[in-house]
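Chemist: Quick one: the structure is below, and I'll ask about it shortly.
The values are calculated or read from the model by the stated rules, or taken from the named source; none is laboratory data. Note that the coordinates shown come from a computational prediction; the quantities given were computed from them, not determined experimentally. In this analysis, Cβ positions are derived from the backbone assuming ideal geometry, glycine residues included, and neighbour counts consider all displayed protein chains. The area values use the complete protein model at the heavy-atom level, side chains included, leaving out ligands, DNA and RNA. Shrake-Rupley method; radii C 1.70, N 1.55, O 1.52, S 1.80 Å.
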Amino acid sequence: MNPEENTADLVARFDFAATLARIAEEVRDLVGQGKVAAYIPRLAEVPADRFGMAVATLDGRVFEVGDAATPFSIQSISKVFTLTLALEALGGDLWKRVGREPSGSAFNSLVQLERESGIPRNPLINAGAHVVADVILSSTPTAQADLLEFVRARADNRAIVMDEEVAASERDAGFRNAALANFIRSFRNLDNPVERVLDFYFHQCALQMSCLDLARAFLYLANRGRCQRSGQSVISAERAKRINALMLTCGTYDAAGEFAFRVGLPAKSGVGGGIVAVVPNALTLAVWSPGLDEKGNSLAGAAALDRFTALTGLSIF
Ligand code: DON
């Protein structure tokens, strides 16, 4: 990368197709390593040897490699979509009910909640996502349909669905989420019945999307809150900035510091093996490989994003 060149010129002339092909080759030995999430039984059935990656640019181009068109369970990546909807519903009052600091603990940790009186550290850990789900449920009688509609519109794909089997599988094994939600409710930080909050939460996690869908769907966060295709506002530029900041500091849980150090981009991971990252004012990228590291982030996926920012020079730093 020529340091004199501005980001738009760089993006316009960069050969992303060749870069993605090179990255797929470079991370090949990592694909299949790590552990596929087994605590949600349905996810344990996904073959570990998959790898896909997609890039969507603000000037309307899309690039892909490998299994980029295969839908997978987006899991915690959905927390970015629900945060967007909850901010629209409640505005800044959301921050009375959920914090904005990295947790430094596992995404499903209970201990912090006790010490902090039922106010989750941030909206991107499970406890925070339960509060966010509760806010959405209080704002509309059709929360699940509204979320699905939002995601389909953002990804420009009407075929996106929530996988009922994944949602049921997680509900049947969801003792820890049930503990978290009951605990938050005991502090009066949930207004809706715990069962409703959990049902919505398990369904948001069960959204099935491909890397291509996710790269397209996150473009509003690279585009100061505007839809890349229509130019219409999805959220304000200020909220887009804040969501990106939260992804950088909290999007990969207790690995967020290491992830910022390695990759240097706002990103959100899920235990389905997906990671989405945003290069503000330039592009989005999504990667999928189901093998996870010990923090629950895709092993090959994180390596691929690391290589992407190293090869292109596109990072926020
Ligand atoms: O609640 C859970 O445990 C899962 N539905 C989502 C967790 C997740 O994706 C965390 N990601 N790294």
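Chemist: What number of residues within the range 213-226 are in contact with a helix residue (DSSP H, G or I) (Cβ under 7 Å, 6 or more places away or on another chain) and either open to solvent by 10 Å² or more (accessible area, probe 1.4 Å) or among the aromatic types (Phe, Trp, Tyr) (or both)?
Modeler: The total comes to 5.
Chemist: If only one of 210, 230 is open to solvent by 10 Å² or more (accessible area, probe 1.4 Å) and either more than 16 Å from the ligand (Cβ to nearest atom) or touching a residue at least 60 places away in the same chain (Cβ under 8 Å) (or both), which one is it?
Modeler: Sole residue among the options that is open to solvent by 10 Å² or more (accessible area, probe 1.4 Å) and either more than 16 Å from the ligand (Cβ to nearest atom) or touching a residue at least 60 places away in the same chain (Cβ under 8 Å) (or both): 230.
Chemist: Separate question: Tell me which residues, restricted to the range 216-247, are within 14 Å of residue 77 (Cβ to Cβ) and in a loop (DSSP other than H, G, I, E, B).
Modeler: Across the range 216-247, the qualifying residue is only 218.
Chemist: State whether one or more residues within the range 79-98 are among the hydroxyl-bearing types (Ser, Thr, Tyr) and at pLDDT 95 or above.
Modeler: Checked against the condition, which is being among the hydroxyl-bearing types (Ser, Thr, Tyr) and at pLDDT 95 or above, the range 79-98 yields at least one hit.
To keep it simple, each residue is scored yes or no on (1) part of a helix (DSSP H, G or I); (2) open to solvent by 30 Å² or more (accessible area, probe 1.4 Å).
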position: 105; (1), (2): no, no
position: 112; (1), (2): yes, no
position: 118; (1), (2): no, no
position: 158; (1), (2): no, yes
position: 165; (1), (2): yes, yes
position: 177; (1), (2): yes, no
position: 199; (1), (2): yes, yes
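Chemist: Another question about this same structure. Can you name the number of the only condition in (1) open to solvent by 60 Å² or more (accessible area, probe 1.4 Å); (2) over 18 Å from the mean Cα position of the chain (by Cα) that residue 143 fails?
Modeler: Of the numbered conditions (1) open to solvent by 60 Å² or more (accessible area, probe 1.4 Å); (2) over 18 Å from the mean Cα position of the chain (by Cα), the odd one out for residue 143 is (1).
Chemist: How many residues, within the range 179-195, are part of a helix (DSSP H, G or I) and either within 16 Å of the ligand (Cβ to nearest atom) or among the hydrophobic types (A, V, I, L, M, F, W, C) (or both)?
Modeler: Counting residues in the range 179-195 that are part of a helix (DSSP H, G or I) and either within 16 Å of the ligand (Cβ to nearest atom) or among the hydrophobic types (A, V, I, L, M, F, W, C) (or both) gives 8.
Chemist: Still on this model: Counting only residues that are crowded, with 20+ Cβ neighbours inside 10 Å, outside any loop (DSSP other than H, G, I, E, B) and of a type outside the set (D, E, K, R), how many does the range 50-80 have?
Modeler: 16
Chemist: Scan the range 248-263 and give yes if some residue there is closer than 26 Å to residue 303 by Cα, assigned to a strand (DSSP E or B), modelled with pLDDT of 95 or more and of a type in the set (Ser, Thr, Tyr), otherwise no.
Modeler: no
Chemist: Let me ask something additional. Against the conditions (1) assigned to a loop (DSSP other than H, G, I, E, B); (2) at pLDDT 95 or above, where does residue 295 fall short? Just the number, please.
Modeler: Of (1) assigned to a loop (DSSP other than H, G, I, E, B); (2) at pLDDT 95 or above, only one is false for residue 295: (2).
Chemist: Still on this structure, please answer the following. Assuming residue 38 fulfils every condition listed in (1) surrounded by 22 or more Cβ atoms within 10 Å (Cβ to Cβ); (2) assigned to a loop (DSSP other than H, G, I, E, B); (3) within 16 Å of the ligand (Cβ to nearest atom) apart from one, which condition is it?
Modeler: Result: residue 38 fails condition (1) only.
Chemist: Given the structure, is residue 44 under 17 Å from the mean Cα position of the chain (by Cα) and surrounded by fewer than 20 Cβ atoms within 10 Å (Cβ to Cβ)?
Modeler: no
Chemist: Still on this structure: How many of the residues making up the range 120-138 are open to solvent by 10 Å² or more (accessible area, probe 1.4 Å) and within 16 Å of the ligand (Cβ to nearest atom)?
Modeler: Matching residues across the range 120-138 total 2.
Chemist: Of all residues being in a helix (DSSP H, G or I) and within 16 Å of the ligand (Cβ to nearest atom) in the range 81-103, which is surrounded by the fewest Cβ atoms within 10 Å (Cβ to Cβ)? Just the residue, please.
Modeler: The selected residue is 81.
Chemist: For the range 43-80, give me each residue that is within 16 Å of the ligand (Cβ to nearest atom) and among the polar types (S, T, N, Q).
Modeler: Within the range 43-80, 73, 75, 76, 78 qualify.
Chemist: It is to be established whether one or more residues within the range 17-24 are of a type in the set (Val, Ile, Thr) and either open to solvent by 80 Å² or more (accessible area, probe 1.4 Å) or part of a strand (DSSP E or B) (or both).
Modeler: Looking through the range 17-24, none of the residues is of a type in the set (Val, Ile, Thr) and either open to solvent by 80 Å² or more (accessible area, probe 1.4 Å) or part of a strand (DSSP E or B) (or both).
Chemist: For the range 252-283, how many residues meet the condition of being small (Gly, Ala, Ser), away from the ligand (no atom under 15 Å from the Cβ) and open to solvent by 10 Å² or more (accessible area, probe 1.4 Å)?
Modeler: Summing the residues that are small (Gly, Ala, Ser), away from the ligand (no atom under 15 Å from the Cβ) and open to solvent by 10 Å² or more (accessible area, probe 1.4 Å) in the range 252-283 gives 2.
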